[in-house]
Each structure stands twice: as structure tokens, then as C-alpha cells.
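For reference, the structure is listed below as C-alpha cells.
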Amino acid sequence: MSSNLRTERSELELRNASNDLYYEFWMFAKLANGLATGIMGESIINNALLEAFTIHARAILDFLYNDRLTGNEVSALDFVHRPDEWIQVRPKKSALLKEMETDLRHRVAKEIAQLPYDRHKGVPERKPWPFMQIAKEINVAFDVFLELVPERRLGPRWLEVKQQRKA
């Protein structure tokens, strides 16, 4: 783990970053719900929702599980008093999340963010992503994160989320 290479952030910086995190999480959750309904069918809107989902999902998984982030990327490690405690108590990545993380790394790069000549070369037809199961598993990790983070490090939207989850 390279958390010791990270710049310690002030509580104001963390609160401000938590607002951006909220947006990522909110978009991820809303997109998962929208895609799971299948209401858009096969359409340009559905494709745009899927692409947006993959981008937000990748950001959320990196935030929760990538312990090697350096530089300017926001990490769950930044918000807790003891990063080693977060690593110990956060839910382990399920087989589904591990598979999805691999897909997000490779498929987003090859199928969304770039236009390589070999975009679909040798790629088997993929089964649809289980959006709601992915969202449920990430929600469990966020519940643990929100319990561990001091409230003064979170923006007001997260405090509302914490209150709603306790109710």
C-alpha cells in the first residue's frame, strides 16, 4: 500500500471532495437503477447510459478499493484516520466486483475511451452487467465507509445519506 505517499488533506478539502464523490455515487446509483429497468431498450440513450455507468463505476471502485492511487485522485484512504483500518474493515471485493473492475479497466479503454482498430477483435459477446447487484455490493462498501469517516470530513449531502440509511 502506498498511502504514505499521499498528501494529507485538510478537512475542508475533504468536505469539498466529498461533494464530488457524492455526485459520482449519485450518478452511479441512478444509472444502475435506470439501466436495470431496461426501459430504454436497445437505443442510443441506453448506450449513453451504459457508457456513463461504466465511467462512474470505475471512479467509485477506484475510490473504494485502489490503494495505490497517488497524486490528485480522491481516495477513501484520505477520509479515515487510519488507512490500514479502512483496508481491514471494508468489504472484500466479490467475484462480481473483481470481474467488473477488470472489465472496466479494459473495456472502457477499448470500447469507450479510445477507438482502436482491434476494438472488438476476438472479444466474445458479453452478458449484460447485473447493474443492481453491482450497486448493492458497492452500497455495502459505502455503508462501511460512511460509518468509519468522521462527519466533519463529509459534505451536507452525505450527512443526509447517513441519516436516511440509519432510519
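All of the numbers you see were taken from the coordinates with simple rules; none came from a lab. Computed from a predicted model, the values in this text were never measured in an experiment. Heads up, the Cβs are rebuilt from the backbone with ideal geometry, glycines too, and the neighbour counts pull from every protein chain shown.
Please compute the length gained on full extension between Y117 and Q88, using 0.36 nm multiplied by the number of residues separating them and subtracting their Cα-Cα distance. Could the numbers behind the result be given before it?
Values: separation 29, 0.36 × 29 = 10.44 nm, distance 4.19 nm.
Length gained, Y117 through Q88: 6.2 nm.
Tell me, what is the percent relative contact order of the chain, built from C-alpha pairs under 8 Å that lie six or more residues apart? Working shown, then result.
On the way: 126 pairs, mean separation 61.5, N = 167.
Normalised by residue count, the contact order of the chain is 37 percent.
Where does the chain land at 222 nm, in deg cm²/dmol rounded to the nearest 500, when only DSSP H runs of n ≥ 4 count, each adding -39500 (n - 2.57), divided by all residues? Mind showing how you got there, number by number?
Details: 6 runs with 98 residues, N = 167.
After summing the helix terms and dividing by the residues of the chain, the value is -19500 deg cm²/dmol.
To the nearest 20 debye, what charge dipole does the chain have about its Cα centre, counting +1 at the Cβ of each Lys and Arg and -1 at the Cβ of each Asp and Glu? Please list the in-between numbers first.
On the way: 25 positive and 24 negative charges, 47 e Å.
Once rounded to the nearest 20, the dipole reads 220 debye.
Leaving out same-chain residues fewer than 8 places away, which aspartates and glutamates sit with a Cα under 14 Å from that of K136?
Straight-distance partners of K136: none at all.
Taking R0 as 45 Å, what FRET efficiency do you get between E147 and E42 from their Cβ-Cβ distance, rounded to the nearest 0.05?
Between E147 and E42 the formula returns 0.65.
Any chance you could list the semi-axes, whole Å, largest first, of the equivalent ellipsoid that the Cα gyration tensor gives for the stretch 15-167, using √(5λ)? Let's see the in-between values first.
Values: eigenvalues 163, 65, 39 Å².
So the equivalent ellipsoid measures 29, 18, 14 Å along its semi-axes.
May I ask you to list, by number, the DSSP H helices of the chain whose Cα span along the axis is at least 30 Å and whose average Kyte-Doolittle hydropathy reaches 0.5 or more? Mind dumping the intermediate values first?
Values: long enough: 11-37 (38 Å, -0.17); 44-65 (31 Å, 1.01).
Within the chain the helices that satisfy the rule are 44-65.
Could you list the residues of the stretch 130-167 with an amide nitrogen less than 20 Å from a label point located 7 Å from the Cα of H81 in the Cα-to-C-beta direction?
Of the residues in the stretch 130-167, 143-155, 159 have backbone N under 20 Å from the label point off H81.
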